[in-house]
Structures are given as C-alpha cells and as structure tokens.
Number of protein chains: 2
Amino acid sequence: MQDHLSQTFSALSDPTRRAILAKLSKGEANVSDLAEPFLKDMSLPAITKHLKVLEKAGLITKTREAQWRSCKLNGAPLRDASAWMEHYRVFWEESFNRLDEYLKTVTGKVSKGKRNGRKK
Amino acid sequence: MQDHLSQTFSALSDPTRRAILAKLSKGEANVSDLAEPFLKDMSLPAITKHLKVLEKAGLITKTREAQWRSCKLNGAPLRDASAWMEHYRVFWEESFNRLDEYLKTVTGKVSKGKRNGRKK
DNA sequence: CAGTTAATTAACTATACGGTTAAATATAAA
DNA sequence: TTTATATTTAACCGTATAGTTAATTAACTG
C-alpha cells in the first residue's frame, strides 16, 4: 500500500468520487442516495467500489443503521493534501504576476492585486 | 483522456512525482539532475515517464538547450486543485472544532484558535 | 569521424483500476 | 417464513500504470 498523501490524491483523481464528496459536503447520505445521479452511467457495485476507495483514503466514514449505510465526509486528509499544496502557492501567484506584467505591456494598465514589482 | 482536475490529482498521487516537483520548487533542473536521487530505486526511463505525466498534466514544462532538457515547475494546475479543495476547508476546520470541544470536556480548558461556539 | 553524454522510444511485463453481471448477505416487512 | 430492500462480494474483462532492458536519437567533444 502507499503513503497517505498518495492515497488521498489518488482518491481525488476520479470525477465520480469528487462528485460523491461534493454531494456529501451538503450532508450525510446513504449509498443509494449517493449512487442515484450515476445510475444512468454505471452500476451500483461500481459506486460501492468508489466508496471503498474513499473510505480507505479516510475521506469518508460509513455507519450502518438497519440495512442502510450512511456516509459522512471526513476533511482530515484534505487538510493534509491542501497543506502540501500550500508550499507551491508562490508558483501560481508568481504566474499571476507574470500575467500581470504581460497585461501591463499590452494595455498599459495594471490589474488589481499584488504587484511585487519585478522591474525590467 | 480525462478532465484537468483528474489529471492533476492523478499526477500528484505518486511520491516520486511529488519529490520531483519539490526539487523543481528550488529551481529549474534538467532530467539527469532530477533523476539522480532516484537512480538507486529506478531506471532513467522510469523518470522520463514520470516527467511525461507531469508535463501532460501541465505541472512542468521542458525547454531544450543542446542535449539537456531543462524542466520548470508550473503552478497553474496546483492553483485549480487547491481552489477545489478550498470548498472543503470547513470540513477540516469543523473537525478541529470537534477536537476543541473534546479537549474542553477533558481538560476544562479551551485551545487557542477559532471557536465559533457550537453550544451544547 | 569516432566516442561520449543526455534523454527518449520501443517492446515487454506485472499489477492496479474501473467497470461489468450474477450471486450473496443482512435487515425489515408482510 | 417468504419477500422486498439495501448493499456488498465474487469473478471476470479491458485498459492504464509503473516499472524493466535494449535500442535509438541528438548534440557535443576529441
């Protein structure tokens, strides 16, 4: 098996799973509720598998009540993944600055936002 | 092929690739420089493949000068991935609050940080 | 030109992944 | 006890992924 961060990013690398998380962000839901929007595209066992991936990554937890499994979003792994990305923030803000420089040369104007003056 | 976000998360789901990005965050580097720390564990073609994955995900760009390919980190896809995660921030801060509540019951004290009073 | 260095491509292999259908499990309801 | 509902498991399939070794491309160097 792999490290936590790899497992998290891997779990997030599928649009169905991200959609499931999006739905869970609106509140707990059981498997059939979660599956419903996807049943035109895939079978229920496919959803079960996706939920297993999310569960192993720690992104959701399931609790059983009678024959229903209620799923709940767990943010902790996202916190770690987000923290990892923060180290790179400077790289996308830098590219914003380059865009800013570019716009200045094109329009003679300067966009709003940071502008930590790269002279020349 | 898949959507951008899936491609980004997928590219990030490998520790070798994340290590490559970490090294590139310290400055541009060519392929052999990037490969060097990994050559005990894997071959050069393996690195070439990892770089291709990163390149297709838009996380790096390669420029050639003579027989060297210089690689440079590109933050834009990380910005998008990070923005996606931001929607879930409340879920990891919420769990912090629950920890906070728990600590309060155990120690009678309250930790520093936000405390948007969930009474009862 | 011959040789060296940097990196990629080709061909192959093993395993993981995302899906399927059919069968099994578990609880509730009649 | 049968039937219905919710969900999972098993077995399978095709494709993608991560690695290998060997061969190839491309540019520089003596």
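Some notes on this structure:
- For region B:21-60, filtered to residues that are in a helix (DSSP H, G or I) and touching a residue at least 40 places away in the same chain (Cβ under 8 Å), the residue that is nearest to the chain's Cα centre (by Cα) is B:Leu21.
- Filter pass, B:Ser25 being modelled with pLDDT of 95 or more and of a type in the set (Ser, Thr, Tyr): yes
- Within region B:32-44, considering residues that are among the acidic types (Asp, Glu) and more than 9 Å from DNA strand D (Cβ to nearest atom), the one surrounded by the most Cβ atoms within 10 Å (Cβ to Cβ): B:Asp33
- Filtered by the rule that a residue be open to solvent by 90 Å² or more (accessible area, probe 1.4 Å) and touching a residue at least 12 places away in the same chain (Cβ under 8 Å), region B:65-77 gives B:Trp68, B:Arg69.
- A search for C-beta distances below 9 Å between a residue of region B:78-90 that is within 12 Å of A:Trp84 (Cα to Cα) and any residue that is part of a helix (DSSP H, G or I) and β-branched (Val, Ile, Thr), counting only pairs 6+ apart in sequence or on different chains, returns B:Leu78/B:Thr8; B:Ala81/B:Thr8.
- Enumeration of residues in region B:1-31 that are open to solvent by less than 40 Å² (accessible area, probe 1.4 Å) and charged (D, E, K, R): B:Asp14, B:Arg17, B:Arg18
- Flag if A:Lys62 is at pLDDT below 95, open to solvent by 30 Å² or more (accessible area, probe 1.4 Å) and out of contact with any Gly (no Cβ under 9 Å at 6 or more places or on another chain): no
- Once region B:45-59 is narrowed to residues that are under 11 Å from B:Pro77 (Cβ atoms) and surrounded by 17 or more Cβ atoms within 10 Å (Cβ to Cβ), the residue that is nearest to DNA strand C (Cβ to nearest atom) is B:Leu54.
- Taking region B:16-28 as the range and being out of contact with any Ser or Thr (no Cβ under 7 Å at 6 or more places or on another chain) and within 12 Å of DNA strand C (Cβ to nearest atom) as the test, only B:Ile20 passes.
The values are calculated or read from the model by the stated rules, or taken from the named source; none is laboratory data. Remember, predicted model here, so these are calculated numbers, not experimental data. Here Cβ is always computed from backbone atoms with ideal geometry, including for glycine, and neighbour counts include all displayed protein chains. What goes into the accessible areas is simple: the full protein's heavy atoms, side chains included, and nothing from ligands, DNA or RNA. Shrake-Rupley method; radii C 1.70, N 1.55, O 1.52, S 1.80 Å.
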